[in-house]
Amino acid sequence: MTNERIAKAFEKPGAFIGFLTGGDPDADTTVECIKAIEAGGADLIEIGVPFSDPCAEGPVIEEADLRALDAGMHTEGIFEIIRRARAEGVTAPIVLLTYANPVFVYGTERFMKTLARAGGDGVIIPDVPFEESAPYRNAARNEGVCLISLIAPTSHERIKMIAQEADGFLYVVSSMGVTGVRESITTDIGSIISAVRAVSDIPTAVGFGIATPEQAAQVCTAADGAITGSAIVRIIAKYGADAPKYVEDYVRSMKDGAAGRERLSA
Amino acid sequence: METNLNSGAKPLDPGRFGEFGGRYIPETLMNAVLEVEEGYRYYKDDPEFQAEVTKMLNEYAGRPSLLTYAPRLTEKLGGAKIYLKREDLNHTGSHKINNVIGQALLAKRLGKTRLIAETGAGQHGVATATVAAYLGMDCDVYMGREDTKRQALNVYRMKLLGATVHPVDSGTATLKDAVNAAMREWTRNVADTHYLIGSVMGPAPFPEMVRDFQSIISKEARAQILEAEGRLPSAVIACVGGGSNAMGAFYNFIPDEGVRLIGCEAAGRGADTFETAATITTGSVGIFHGMKSLFCQDENGQIAPVYSISAGLDYPGIGPEHAMLNASGRAEYVPVTDDEAVDAFELLSRTEGIIPAIESAHAVAHAVKIAGEFGPDENIIINISGRGDKDVAAIGRYRGEDLYDE
């Protein structure tokens, strides 16, 4: 299945995807930061649905999740953030990152329908592997929403099976472990992308540990895009309501890196 | 005695117990979990592996464990004859070692050199550290910071055994957070590391595999009660956190329809309060820690903080096979409060000279309530999943006596 907004995000090489946790520190700041991520040149925006026990996240995003929950954020509030972002002119594709339980408890079909109507384009569920994915993928497809699949450095022979069924784009996990900034990416991203290319022309974006324009440029020599989460979440944690301008500047530098552009000012 | 890796029912679908179970884990872990699955499927039917497990259970852990008649408790309660399945007599002091021996030997066969584990009360951590020492494997144990304070003796015990204990500060700093930390660590190091899950929970095949390794409890108990009484028990009673001792105690009695299977959940300060860990009584269906099962959670699917005096039972979920047995009605699940468990802890100590783990005391407490429903020709079995030495200081505090080991 294709989604027009997501397909358009990958029309040019070097897409940049920015992540933030919805409701950290509050819904107003999240909406302003979404606008800032788009203004900085991001091609796709990923919003994390805060979860009490985010097992695939490192400490930066886990703490953001707990701050958002403490501030009262919940599933319905995340949909409202998407509605507000669309009402305020955000046109980039919006994808949610959520653990399975908030989707299941909300009702999978109802979740996908509400997401689509709010203006969302996709959903990433890191604790739903391929073998458990059919109910989620089918519910998403029925609403024109993409269930984004992940592949990891350990996926090996699983890549073919996953890539063939993938919608929207493929999220390539850069390295072992959880989300968070890393000094360097040592995984052979190129060989993973080649394995995908052998069976599918779906766009690929690499995430986990990408925090510098150089790292974005590096992964985009092989992949179609780079994903940054923890580094943006850190900026929001540091500056709170004042974060949007810092987020926009940071995203601009990352987009330049991903797109292989020389930065005008160092 | 033989280990019991082959008996009985399989999940209805691969990895499923009715609607429950499954494999809800990040892609990064999928091949590691499937490697465990394939390894387990192969070795559970391998006589040489089974013989190795049995030998270590018998010669290292001290199996078979006794089935002890409790005459003074029986007299006091005035109903069924009460028997105690003595998992407290195992090496390391609880049922946990049954599963650890099985999984550690499997991990070794799969070429793993390091074991990681979560622990609540510390019983599973101690068992894992013990077997790691015996087999010459590295061991890291993740334990909520709160639990390291409640169970300081077990923390030092693990260090003494050569394990590294990692206090976990995230979230509620208890058992669920220790599981999160262990899962995160496994995603960093799948190549050399086996995550030795301590209960009948997590992604398939863990709930089934842990149940199989623990089912030695009911295999022995069934033969022992038939030998002693010439009849099956009217009820088997066990405490339930994740549910491994209960699954082990129930499993070989499931086909015996006349045997009531009763799981005792930790109600903490009461199942009608917010300070409870009674998952079946208060929880709902969800997906967490690799499985679809019942969880304590809010209306948005956020996992709820739970509480019990017992660090081994304050987990917000329950194994998927228990969720199925509850749904089918084959087993019944009841809440037991802190107060009731502490009373039972003292009662068993004074009537039988057996200090049970505070976890196991939850099962004793329910037996106290229902023993009178049965006639004197009937019998019930309480699974004493562990010994209570670790809890003495906490019970002392509960009773207002501050004990310090100086």
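The values are calculated or read from the model by the stated rules, or taken from the named source; none is laboratory data. Computed from a prediction, not measured in an experiment: that's the story for all the values here. Cβ atoms come from the backbone with ideal geometry, glycine included; neighbour counts cover every protein chain shown. For the accessible areas, the whole protein counts, side chains as well, though only heavy atoms, and no ligand, DNA or RNA atoms are used. Shrake-Rupley method; radii C 1.70, N 1.55, O 1.52, S 1.80 Å.
One residue stands out among those in the range A:138-164 that are open to solvent by less than 20 Å² (accessible area, probe 1.4 Å) and away from every other protein chain (no Cβ under 14 Å): the one that is nearest to the chain's Cα centre (by Cα), which is A:C146. Please determine, by comparing only the residues of the range B:247-281 that are hydrophobic (A, V, I, L, M, F, W, C) and out of contact with any Ser or Thr (no Cβ under 8 Å at 6 or more places or on another chain), which one is nearest to B:E118 (Cα to Cα). Among those residues, the one meeting the criterion is B:A278. Scanning the range A:201-217 for residues that are open to solvent by 10 Å² or more (accessible area, probe 1.4 Å) and touching a Leu at 6+ places or on another chain (Cβ under 9 Å) yields a total of 2. Selection over the range B:294-340 of residues that are within 14 Å of chain A (Cβ to nearest Cβ), farther than 21 Å from A:T75 by Cα and either part of a strand (DSSP E or B) or without any contact (Cβ under 8 Å) to a residue 24 or more places away in the chain (or both) gives a count of 1. Taking the range A:226-235 as the range and being open to solvent by less than 10 Å² (accessible area, probe 1.4 Å) and farther than 16 Å from A:S175 by Cα as the test, the residues that pass are A:I232, A:V233. For residues that are within 14 Å of another protein chain (Cβ to nearest Cβ) and either among the β-branched types (V, I, T) or in a loop (DSSP other than H, G, I, E, B) (or both), tally how many sit in the range B:280-292. Going through the range B:280-292 one residue at a time, the tally reaches 4. Taking the numbered list (1) of a type outside the set (A, V, I, L, M, F, W, C); (2) in contact (Cβ under 8 Å) with a residue 24 or more places away in the chain; (3) open to solvent by 40 Å² or more (accessible area, probe 1.4 Å) in turn, B:E87 passes all entries but (3).
To keep it simple, each residue is scored yes or no on (1) on the phi < 0 side of the Ramachandran plot; (2) away from chain A (no Cβ under 14 Å); (3) open to solvent by less than 10 Å² (accessible area, probe 1.4 Å); (4) without any contact (Cβ under 8 Å) to a residue 12 or more places away in the chain.
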residue: B:S170; (1), (2), (3), (4): yes, no, no, yes
residue: B:T174; (1), (2), (3), (4): yes, no, no, no
residue: B:V179; (1), (2), (3), (4): yes, no, yes, no
residue: B:M183; (1), (2), (3), (4): yes, no, no, no
residue: B:R188; (1), (2), (3), (4): yes, no, no, yes
residue: B:L196; (1), (2), (3), (4): yes, yes, yes, no
residue: B:A204; (1), (2), (3), (4): yes, no, yes, no
residue: B:M209; (1), (2), (3), (4): yes, yes, yes, no
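One residue alone among B:F288, B:F253 is modelled with pLDDT of 95 or more and under 21 Å from B:F213 (Cβ atoms), and that residue is B:F253. Only one entry in B:E332, B:E359 is in contact with a Lys or Arg (Cβ under 8 Å, 6 or more places away or on another chain), closer than 27 Å to B:A228 by Cα and open to solvent by 10 Å² or more (accessible area, probe 1.4 Å), namely B:E332.
So, in the range B:247-270, how many residues would count as being part of a loop (DSSP other than H, G, I, E, B), open to solvent by 30 Å² or more (accessible area, probe 1.4 Å) and of a type outside the set (K, R)?
Total meeting the criteria: 4.
Under the condition of being more than 8 Å from chain B (Cβ to nearest Cβ) and either open to solvent by 10 Å² or more (accessible area, probe 1.4 Å) or in a helix (DSSP H, G or I) (or both), the residues counted in the range A:120-137 number 4. Comparison of B:L73, B:L77 shows that the only residue that is open to solvent by less than 30 Å² (accessible area, probe 1.4 Å), in contact (Cβ under 8 Å) with a residue 12 or more places away in the chain, touching a helix residue (DSSP H, G or I) at 6+ places or on another chain (Cβ under 6 Å) and within 21 Å of B:C239 (Cβ to Cβ) is B:L73. Here B:D192 meets the list (1) acidic (D, E); (2) surrounded by fewer than 23 Cβ atoms within 10 Å (Cβ to Cβ); (3) not assigned by TED's automatic domain parsing to the domain that holds B:T119 almost entirely, failing just condition (3).
Only helices (runs of 4 or more DSSP H) whose full extent lies in the range A:23-95 are considered here, and the ones with at least 1 residues that are facing chain B (nearest Cβ under 10 Å) and open to solvent by 50 Å² or more (accessible area, probe 1.4 Å) are A:59-70, A:75-87.
Restricting attention to the range A:236-266, the residues being modelled with pLDDT under 95 and either open to solvent by 90 Å² or more (accessible area, probe 1.4 Å) or on the phi > 0 side of the Ramachandran plot (or both) number 6.
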